[in-house]
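Scroll down for the structure; my scribbles are underneath it.
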Amino acid sequence: MVFRLSEESVGFPDPRLGETSGLFAIGGDLRFERLIQAYSHGIFPWSSFRAKELHWYCPMQRFVLFPDEIKISHSMRNLINKEQYFFSFDRAFDEVLYNCATVDDRHKESGAWLGEEIMKAWLDLHRRGISHSVEVWDRKTNRLVGGLYGQCIGNIFIGESMFSHVPSASKLALIALAQYAKEENIKFIDCQNETPHLRSMGGRFIPYEQYMKVMDEYFQNSDLSLKSIFSKKAVLFDMDGILFDSMPNHATAWVEAFRQVGVNFSERDVYLMEGSRGKDTVQFAFNRQFGYDSKEEDEERIYAIKSSVFRQQPIAPPMKDVEKVLSFLKNKNVKMTIVTGSGEYSTLDRIQECFPNTFVREQIVTAYDVLKGKPNPEPYLKGLQKLGVTAAETIVVENAPLGVKAGKAAGCFTIGVNTGILQEDDLLAAGADLVFKDMNMLLRFFQKHICWVE
């Protein structure tokens, strides 16, 4: 059976229901979160770049090479001992990728799969620390003569392609990778396809169940770490639309407050301005409609109406499944706090009630703690300061464009969870590194693709 992938969801059906060839799905795209979902389940894209749709494969028998089983022939040992070549890792990923695509005019073949779109995806994975390359250099000329690249997911290296400009250069790259894999506790190299070349070097088949057992064991063991996945120690959460399903209440309150003073302001406007301070929202509305800044008395009056209407709304419940996310992070001893543009005490007071022993009140950043609201980075910089962590150690979770911009401006890896009425593209255009549609997708990403360190 071959499934058609949804454009909205990045998930995959059960690959065990696929064809005997390994093909089980078509369609979809090469966005980062889909590729991570794919590789963490032993799935890989493989189709001609001239084809109209992507083809996704997951063979039930996997041809792999265990690092301690690699066979090095007598002739290869002689070549290594001559020290004619030397190796490097991630020194020239772009060049390796280009050579894999073009060596021996591969790109002109009808079945060539390394086209512009897929090469852009691999370059993005390399930028994010997922894709890696091995280079083989001629010691005399310092010329790149061979290499390979692939993805490191968990403790499996998934080989994609290799090339040689001189005899045996790709074999040398594989030997170097196997040695590195031993040192880094990588269990095996997924060769994807059997070839005489790889079989001669010790490659063999294992069942898909054994493959996934290795993958799953890695992610279930928090003591393991690998350079190929994200290492983080803190999460900064937006409040409205992330912890509480309170954005509909805010939208109702803002729209009504502006209506009472004759200002046009839509529900979409509320979501687009979410995260900014109340006075900034009023100034934005006045500038757009009247062409001048609001006065302080305008801001106070409108915000007072907004707060009054807001308090009349039903109590907003915690966002669906957010408790699962928080519970997982608490068990991992991850540092957490809230960074919100809100000044609504009624919602702030419910944090301890709904999420006991999760957040420290003194570490929460509100509209009263900053001079500039989102999209300025000040709120998230204040959050980093209160937790005592760096931007590189931290993930921001947001639901609105201004918050995404603020998180990115603070230097944090920023995830959008699109729980409201906006489109995914609104968050991506603001700079979100990833966008998920709900908390379960966020939880799965946290469980499988982040190495949490204390």
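The values are calculated or read from the model by the stated rules, or taken from the named source; none is laboratory data. From a predicted model like this one, the values you see are computed outputs, not experimental measurements. Backbone-built Cβ (ideal geometry, glycine too); neighbour counts: all protein chains shown. Calculation scope for accessible area: heavy atoms of the full protein, side chains included, ligands and nucleic acids excluded. Shrake-Rupley method; radii C 1.70, N 1.55, O 1.52, S 1.80 Å.
Tabulated data for the structure shown
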quantity: Every pair of residues 6+ apart whose Cβ atoms lie under 6 Å, when the first sits in region 61-78 and is part of a helix (DSSP H, G or I) while the second is not hydroxyl-bearing (Ser, Thr, Tyr); calculated: Pro67/Ala178; Pro67/Ala181; Pro67/Lys182; Glu69/Gly202
quantity: Subset of region 167-197 [within 17 Å of Cys100 (Cα to Cα) and open to solvent by 10 Å² or more (accessible area, probe 1.4 Å)]; calculated: Pro167, Ser168, Ser170, Lys171, Cys191, Gln192, Asn193, Thr195, His197
quantity: Hits in region 243-284 - residues which are closer than 14 Å to Gly373 by Cβ and open to solvent by 20 Å² or more (accessible area, probe 1.4 Å); calculated: Leu272, Met273, Arg277, Lys279, Asp280, Gln283, Phe284
quantity: Positions within region 401-454 being within 18 Å of Ile338 (Cα to Cα) and modelled with pLDDT under 85, in sequence order; calculated: none
quantity: Residue that is in contact with a strand residue (DSSP E or B) (Cβ under 9 Å, 6 or more places away or on another chain), open to solvent by 60 Å² or more (accessible area, probe 1.4 Å) and in contact (Cβ under 8 Å) with a residue 40 or more places away in the chain, where the choices are Trp46, Trp56; calculated: Trp46
quantity: Residue among Ser133, Ser164 that alone is buried (at least 18 other Cβ atoms within 10 Å of the Cβ), of a type in the set (Ser, Thr, Tyr), farther than 29 Å from Arg16 by Cβ and under 22 Å from the mean Cα position of the chain (by Cα); calculated: Ser133
quantity: Ser307 being surrounded by fewer than 23 Cβ atoms within 10 Å (Cβ to Cβ) and touching a helix residue (DSSP H, G or I) at 6+ places or on another chain (Cβ under 8 Å); calculated: yes
quantity: Restricting region 136-161 to residues that are in contact (Cβ under 8 Å) with a residue 40 or more places away in the chain and of a type in the set (Phe, Trp, Tyr), the residue that is least open to solvent (accessible area, probe 1.4 Å); calculated: Tyr149
quantity: Selection from region 252-264 of residues that are more than 14 Å from Ile315 (Cα to Cα) and either under 29 Å from the mean Cα position of the chain (by Cα) or not β-branched (Val, Ile, Thr) (or both); calculated: Trp254, Glu256, Ala257, Phe258, Arg259, Gln260, Gly262, Asn264
quantity: Among the residues listed as Asp124, Asp216, Asp105, the single one being over 15 Å from Ser88 (Cα atoms), over 31 Å from the mean Cα position of the chain (by Cα) and part of a helix (DSSP H, G or I); calculated: Asp105
quantity: Unique residue being open to solvent by less than 20 Å² (accessible area, probe 1.4 Å), among the hydroxyl-bearing types (Ser, Thr, Tyr) and more than 18 Å from Val325 (Cβ to Cβ) when the list is Thr366, Thr394, Thr414, Thr390; calculated: Thr366
quantity: Boolean, Phe237 is in contact (Cβ under 8 Å) with a residue 40 or more places away in the chain, among the aromatic types (Phe, Trp, Tyr) and over 17 Å from Ser307 (Cα atoms); calculated: yes
quantity: Residue list for region 417-454, filter: within 17 Å of Arg268 (Cα to Cα), open to solvent by less than 40 Å² (accessible area, probe 1.4 Å) and within 16 Å of the chain's Cα centre (by Cα); calculated: Val417, Asn418, Leu427, Ala430
quantity: For Ser342: the one exception among (1) closer than 28 Å to Lys437 by Cα; (2) small (Gly, Ala, Ser); (3) in contact with a Phe, Trp or Tyr (Cβ under 6 Å, 6 or more places away or on another chain); calculated: (3)
quantity: Unmet criterion (only one of (1) in contact with a strand residue (DSSP E or B) (Cβ under 9 Å, 6 or more places away or on another chain); (2) assigned to a helix (DSSP H, G or I); (3) among the polar types (S, T, N, Q)) for Ser88; calculated: (2)
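One line per residue, one yes/no per condition, for (1) touching an Asp or Glu at 6+ places or on another chain (Cβ under 9 Å); (2) part of a strand (DSSP E or B):
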site	(1), (2)
Val235	no, yes
Val263	no, no
Leu272	yes, no
Gly275	yes, no
Ala285	yes, no
Glu297	no, no
Glu300	no, no
Ser307	yes, no
